[in-house]
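First the structure, in the form of structure tokens, and then the observations on it.
Readers should treat all values here as calculations from the given coordinates under stated rules, not as data from a laboratory. Values in this document were obtained by computation on a predicted structure and should not be read as measured data. For neighbour counting, all protein chains shown are included, and Cβ atoms are generated from backbone atoms with ideal geometry for every residue, glycine included.
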Amino acid sequence: MKNTLLIKGAEVITASDESKADVLVRDGKIAEIADKIAPTFGAETIDAKGLELYPGGVDVHTHFALPFMGTVSADDFETGTRAAACGGTTAIIDFVIPSKGGSTLDALAEWRKKAEGKAVVDYGFHMALVEFNDKVAAEIPKLVQEGLTSFKCFLAYKGAFMVDDLQFLGVLSAAKKHGALVSIHAENGDMLVYLMNQLLAEGKTGPEYHPVAHPALAEGEATHRGIRLAEMAGAPLYIVHLSCNESLKEVKAARCRGQRVYAETCPQYLLLDESLYRKNGFEAAKWVMSPPLREKAGQEKLWKGLRDGFLQTVATDHCSFDFKKQKVMGKEAFTKIPNGIPAVGDRMNLLYTYGVKQGRLSRTQFAAVTSTNPARLFGLYPHKGTISVGADADLVLYDPKKKGTVSVKTSKHNVDYSAFEGFKLEGLPVLTLSRGEIVAKDGEFVGKKARGRYIKRARFETHED
Ligand SMILES: [Zn+2]
């Protein structure tokens, strides 16, 4: 009975239900959920009275070991997934970003190699498509066969990852044909280049100009365009890292028309604001990311968007760069600051405290936006993303009374700062289980090395032929 674990007396909370129950875990899966389960001989029993059991977090937007802007993001699949586990997240989906002209299948193999032997929780991949042509179209069904069932296009990063509208339409219709979901980075790449050139020509090179070069207008425009292009292709669309009301309005309008448009926001857009760019000179580089942090006034609209179901998921866009060694690469010009922040280990805890505890989200909504919805949209459900008999025992046990503070001193991220330094937390995970194994206890990693597995994900919908 070595592989049996009994969690007794927790409040079991999923996206649809809350009830007090015992949960029996056997051989990595949930074997039974009932009012009372008698302890079996040899089973490890966890007294979870007063604690809340949620489906393990699913973060569908991370960038571990990503070569980007002349450097490589600081967290690799080991440190990144360890931080995830300690913060209650038990599955991540990272992005393969192939080079132009290269094979996407080779790129997938390369990314799988980066994760194998390192990741400690289960992981999947999205494929960024930085161009569209016959070769890419022919690779799409092969990628879907490999369990890679979602693609991403950048409407920004002109001259690097950006695709034009015609290429994007090609991706949408090819992905639709094979039952895959397409997501977009929605900022108008030409608008950004125009603004960047103007600012640099005026000698405005500091990090405080990064948000000026990435206005909400450019995000709203690209969101609108992406949605209309998806409408024309008759394809579903997922908007990553939605940061402001300009784009939320577009998502709302599309969903009210009945279009299948889904959107993700991130803890940074819910909790941090653009005033950080005006503090302490170059220190502002810590929060240089795209889209940038927005006005404080917009944050409650994003929370409401989550509550009302217009936004379905909260992911992190975790892409960490060391301040002293990497962010400084942009000392001369904000356009050279590696974009991104560390957040994968903070997401669940921030959402719990500032969502559930502060009354912005119910507990079931917390389970939905951090786990169930992303698992459903990206083909992990029902193995992951819920607590039901037969599902993987990917679980997180929260102590709603336990207090803490976010700090670089206790953070498991492999960087020299925390983007959320000083944020008070109330409610912390005391136990994280991945496929029935205890991988984190009281915020410390206790699992085995390299135990994470590649997840072959299901398609978004059955393909048409
Ligand atoms: Zn990203």
Query - Principal axis dimensions, largest first and in whole angstrom, of the range 146-281 by Cα - result: 49, 31, 30
Report summary line: Taking alpha-carbon centroids only, the range 389-424 lies from the range 295-335 a number of Å equal to 18 Å
Query raised in the report: Which log10 I(q)/I(0) values, to two decimals, does the chain give at q = 0.06, 0.09, 0.10 Å⁻¹ under the Debye formula with one point per Cα?
Result: -0.24, -0.55, -0.68
**Report entry** Efficiency of FRET between T71 and V446 - r from beta-carbon atoms, R0 25 angstrom, step 0.05
**Finding:** 0.20
Query - Long-range HN-HN contacts of E32 with modeled amide H, under 5 Å - result: L24
**Report entry** Separation between Cα centres of the range 159-196 and the range 225-279, rounded to whole Å
**Finding:** 14 Å
Report summary line: For the range 77-204, the percent of all C-alpha pairs falling in each 5 Å bin, from 0 up to the bin holding the max distance, is 2, 10, 18, 18, 16, 13, 11, 7, 3, 1, 0
Requested in this report: Per DSSP H run of n ≥ 4, the term is -39500 (n - 2.57); total these for the chain, divide by its residue number, and report the mean residue ellipticity at 222 nm rounded to 500 deg cm²/dmol.
Outcome: -7500 deg cm²/dmol
Requested in this report: Determine the relative contact order of the chain: mean sequence separation of Cα pairs under 8 Å and six or more apart, normalised by residue count, in whole percent.
Outcome: 23 percent
Requested in this report: May I ask you to order 410-418, 298-306, 426-434 by the average number of other C-beta atoms within 10 Å around their residues, highest value first?
Outcome: 426-434, 410-418, 298-306
Report summary line: Between N280 and T205, the two model label points (7 Å from Cα along the beta-carbon direction) sit apart by a distance in nm of 2.3 nm
Query raised in the report: Which whole-percent values make up P(r) of the range 265-313 when all C-alpha to C-alpha distances are grouped in 5 Å steps starting at zero?
Result: 5, 21, 29, 20, 13, 7, 4, 1
Query raised in the report: Roughly speaking, what % of Cα-Cα pairs in the range 303-441 are separated by over 22 Å, rounded to a whole number?
Result: 48 percent
